[in-house]
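For reference, the structure is listed below as structure tokens.
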Amino acid sequence: MDSICGTSFYSLGRKRSVSAVTVFGTMTYTSHVHDGIHDGVQEKGWIVRGICGKIKRIGKECAGKMERPVQRETQRQIKEEIKVKKSMRWIAGNMAAVMMTGCMVPGNVMAKESMQIPEGVFSWFLVQAYDAACSENGGKTDLWKNKIDGENTEDWILEKAKSYAREYLTIENKFEQAGLEFSATEEETLSNTVERYWNELGYGRYYADYQVEEEDFTNVLIHNSQGSKLYNQMQEEFEGSVTDEEILGYIAEHGTLVQYIAVPYTEALSEDATQAEKNAWIDTDALYEEYRQRLESGESIEDLMQEISRNTDLSSAGVGSSYVGQMEETLFLDSNSSLSQGFKAALAEAEEDEVVYFDDVAQYYQIIFVKKAFNEEWEGLEWYEDGVKEKIAFEKFEDQIRGWSDEIEIANESDLPDADEVEEMFS
């Protein structure tokens, strides 16, 4: 996994791959497709600063979702945990095996399976469902007074957590049926990850209020890793089912073509700055104003972007643009978690071919951008096709998991919190 928080950034044109990562216990997709970040700002510039920020308390502070892996204290414990989990599964022993090709074995009908969810893992999912409710509600204000999708908030949270739990049990089931297992290297990664996040970064302290223990934290990481391996096994088939029409339709619905110039806020020199640092220092605030004046005087953003691309000193200072090679636009997908919400809103409101000046305070950058119309003749399309195909393929995989999860019953559902207890838990 190349990124803990935010999008994994790969340069345009490089080989792309897919991984499943953790979003607080639910599996989500991180594409190593470029998602609109060019090398010019990749190292120290816009989109990178401010992505992770501080670790926020989850639940009571209603933090936003962040992609973080989770769990396990030792490699030996992981091995023991997997064995214990296998021995405790509530699975009908005579169920027909499911082919890992997205289809049932011909002639077989899947019956409902009853499986038990660890209570601490379910508490984890309740926290994620609460976070999702906050997102739907636009914050915590009047959360319990409002309805979400026509349901009382506490009922919505409970059902969302149960859906997460059924997907968790589904992946656990399919992973075993497929005969998959973790390598020694993967087990070591799990061990190191739990130590870092649960202990060093303090997740254990944050989740103690919600009866989530380290073992539960570990189970969630194992779940996400299992989902990733399942997808890797099925990826070729799902990608092969994606059509050119689906790719174009996905970009039209979820993508925006943008020309941009990104200029960081000026950083003051420290008192002990070396002469080399003083010589390299650039007043980027003044540079931004210069670009603005030149654009307002009639220069084109295309000419300014090309000028920036030729100046390595500007690149070192974090100044960048969408210009790469002969391509002037970047394709930003709405799944790009590295973009600030403010910038996304400004992009959505902008008119095509209008020069927009945006102060991205969340990223400490000043942005000049122009939204462009997308069409299937766009010269940069081939740079993004593989990545978009991966996104569509993974969405199909997620749909398959959800379909399978409909056949799962939570055996210990009566022991789980009810809606009133959910509200009390987060109030």
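Rule-based calculations on the coordinates, nothing more; no lab input. Worth saying up front: this structure is predicted, and the values here are computed from it rather than measured. Neighbour counts run over all protein chains shown; Cβ positions are idealised from the backbone, glycine included.
Working ranking of peptides 204-217, 131-144 by packing, defined as the average number of other Cβ atoms within 10 Å per residue, highest first, is 204-217, 131-144.
Note on segment 133-178: the C-alpha convex hull projects to 3.6 nm² when averaged across all orientations. Here segment 123-196 is assigned +1 on the Cβ of each Lys and Arg and -1 on the Cβ of each Asp and Glu. Its dipole about the Cα centre then comes out at about 340 debye. If R0 equals 35 Å, the separation of the Cβ atoms of ASN199 and ALA419 corresponds to a calculated FRET efficiency of about 0.55. Over all Cα atoms in segment 276-330, the spread is summed up by Rg and Dmax: 12.0, 35 Å. One chain, two ends: ALA345 and SER300. Fully extended at 0.36 nm per residue, the span grows by 13.8 nm beyond their Cα-Cα distance.
Taking 19 Å as the cut-off, the amide N atoms of segment 112-127 that come nearer than this to a point 7 Å along the Cα-to-beta-carbon line of GLU407 belong to 112-117. Sorting the Cα pairs of segment 166-254 by distance into bins of 10 Å, from 0 upward, gives 14, 32, 28, 20, 6 percent per bin.
The ellipsoid equivalent to the alpha-carbon distribution of segment 379-421 has semi-axes of 40, 13, 5 angstrom, derived from the gyration tensor eigenvalues as √(5λ) and listed largest first. For ILE117, the amide hydrogen comes within under 5 Å of the amide hydrogens of ALA411, ASN412, counting only partners 5 or more places away or on other chains and with H modelled in the peptide plane. Applying 0.36 nm per residue to the separation of ALA373 and GLU289 and subtracting their alpha-carbon distance, the gain on full extension is 27.5 nm.
State the extension gain, in nm to one decimal, for the chain segment bounded by VAL356 and GLU237, taking 0.36 nm per residue of separation less the distance between their alpha-carbons. Full extension from VAL356 to GLU237 adds 38.6 nm.
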